[in-house]
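Have a look at the structure below, then the notes.
The values are calculated or read from the model by the stated rules, or taken from the named source; none is laboratory data. Note that the coordinates shown come from a computational prediction; the quantities given were computed from them, not determined experimentally. In this analysis, Cβ positions are derived from the backbone assuming ideal geometry, glycine residues included, and neighbour counts consider all displayed protein chains. The protein model used for the area step is the full one, side chains on, heavy atoms only, and it has no ligands, DNA or RNA in it. Shrake-Rupley method; radii C 1.70, N 1.55, O 1.52, S 1.80 Å.
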Amino acid sequence: MLVVVTGASTGFGYHISKLLVEHGHKVIGVARREDKLAELKNELKDQFYPLVIDMTELDSIATKLESLPEDFKIDKIDALVNNAGLALGLASADKASLDDWYRMIDTNIKGLVTITHVLLPYFVKNNKGTIINMGSVAGNYPYPGANVYGGTKAFVEQFSLNLRADLAGYNIRVTNIEPGLCGGTEFSLVRFHGDQNKADNVYDGVKALSPEDIANTVDWILALPEHVNVNRIELMPVMQSFNGFNVVKK
Ligand SMILES: NC(=O)c1ccc[n+]([C@@H]2O[C@H](COP(=O)([O-])OP(=O)(O)OC[C@H]3O[C@@H](n4cnc5c(N)ncnc54)[C@H](OP(=O)(O)O)[C@@H]3O)[C@@H](O)[C@H]2O)c1
């Protein structure tokens, strides 16, 4: 398969790209950091095409995908892994930064729907394609400080399900992967604006999910028979679970 993986420069996207190439697929890896994509190109060679796109620069998404070289041409793309995304801050809504909110909406929602909108007509024309969106447990369960991040991931979940509603009858699969706590990525470092101590503290004493667990899930979904659609799949490490409702007493 020829697979577009957004957010390929690090974290989940890096491991997804690596595993898919190991399993014989070709990957177009999208991210902003050219140097990181170049390192991946060095590692994965001809099966990998680095594509620098800032997913918040919406106009450039179609232009860059439509200018891919022959071996990676847009009409040959079989799957899209919409993984690029971020959480910014963990402050309560009244203290959160509006800029952070807008950046999460621009990346996690507007970037994701834009690249989907660019590729969908090709999938429909070929009557074939798989879209795997990276949601989060934050889209299913509220927690303090998740405010807009959780809102963007709830959007991603509902968008995924609604895509299937529109695509019923086509061989186009849509899955929302909803991971819980996962270490080994830059997620918390980005969330805490580069504060390594705060980021490390999130995973201290916890065996979290690994990015390899997520890559294996993507690989499994892609390998399923064409008629099977996994609507949504939620994963957590055994050390993470649910809490009761928060009742504040006088
Ligand atoms: N880690 C977790 O615990 C966890 C749990 C649930 C869901 N998720 C979701 O999983 C996805 C990947 O997270 P991760 O943990 O792998 O985080 P990560 O290590 O920070 O990776 C995020 C990736 O997204 C890319 N990205 C961010 N903004 C971008 C933009 N404007 N344009 C293009 N690429 C952009 C980054 O590349 P550049 O910086 O090079 O652009 C990077 O490759 C996210 O959608 C996240 O919300 C993570």
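Counting only DSSP H runs of at least 4 residues, each contributing -39500 (n - 2.57), and dividing by the residue count of the chain, the helix-based mean residue ellipticity at 222 nm comes to -12500 deg cm²/dmol.
Taking the chain as the reference, fit the longest principal axis to its C-alpha atoms, fit the long axis of helix 211-223 to the helix C-alpha atoms, and give the angle between the two in degrees, 0 to 90, nearest 10. Helix 211-223 sits roughly 40 degrees off the main axis of the chain.
Each label point was placed 7 Å from the Cα along the Cα-to-Cβ direction; for Ala168 and Val247 their separation is 4.1 nm. Dipole magnitude for the range 2-235: about 340 debye, using +1 per Lys or Arg Cβ and -1 per Asp or Glu Cβ, origin at the Cα centre. Taking a straight line from the alpha carbon of Lys95, not one of the aspartates and glutamates sits under 12 Å away once near neighbours fewer than eight places off in the same chain are left out. If you roll a 1.4 angstrom probe over the protein chains with everything in place, what fraction of the accessible area of the chain belongs to carbon and sulfur, to the nearest %? So the carbon and sulfur contribution to the accessible surface is 53 percent.
For the listed residue pairs Lys18/Lys153; Lys18/Lys64; Lys128/Lys153; Lys45/Lys153; Lys45/Lys76; Lys41/Lys110, the alpha carbons are over 30 angstrom apart in Lys45/Lys153. Stokes-Einstein, applied to the Kirkwood radius of the chain over Cα pairs at a viscosity of 1.002 mPa s and 20 °C, places its translational diffusion at 116 µm² s⁻¹. Counting only protein heavy atoms and a 1.4 Å probe, the chain has 51 square angstrom of accessible area per residue. Averaged over residues, the count of other Cβ atoms within 10 Å places the peptides 238-250, 179-191 in the sequence 179-191, 238-250, highest first. Think of the range 2-235 as a dipole: +1 on every Lys or Arg Cβ, -1 on every Asp or Glu Cβ, centred on the Cα centre; then among Ile132, Ala199, Val148, Ile132 lies furthest on the positive end. Against the chain, whose longest principal axis is taken from its Cα atoms, helix 11-22 shows a tilt of about 30°.
The angle between the Cα long axis of helix 34-44 and the longest principal axis of the Cα atoms of the chain comes to about 60 degrees, rounded to the nearest 10. Rounded to two decimals, the Cα-based Rg/Rh of the range 139-250, with Kirkwood Rh, is 1.03. When you filter the trypsin sites (Lys or Arg not before Pro) in the range 1-34 for DSSP loop state and at most 16 other Cβ atoms inside 10 Å of their Cβ, you are left with Arg32, Arg33. Per-residue packing, averaged as other Cβ atoms within 10 Å, sorts the ranges 6-17, 113-124, 91-102 into the order 6-17, 113-124, 91-102, beginning with the highest. Judged by the mean number of other Cβ atoms found within 10 Å, the most tightly packed of the peptides 53-60, 165-172 leads the ranking 53-60, 165-172.
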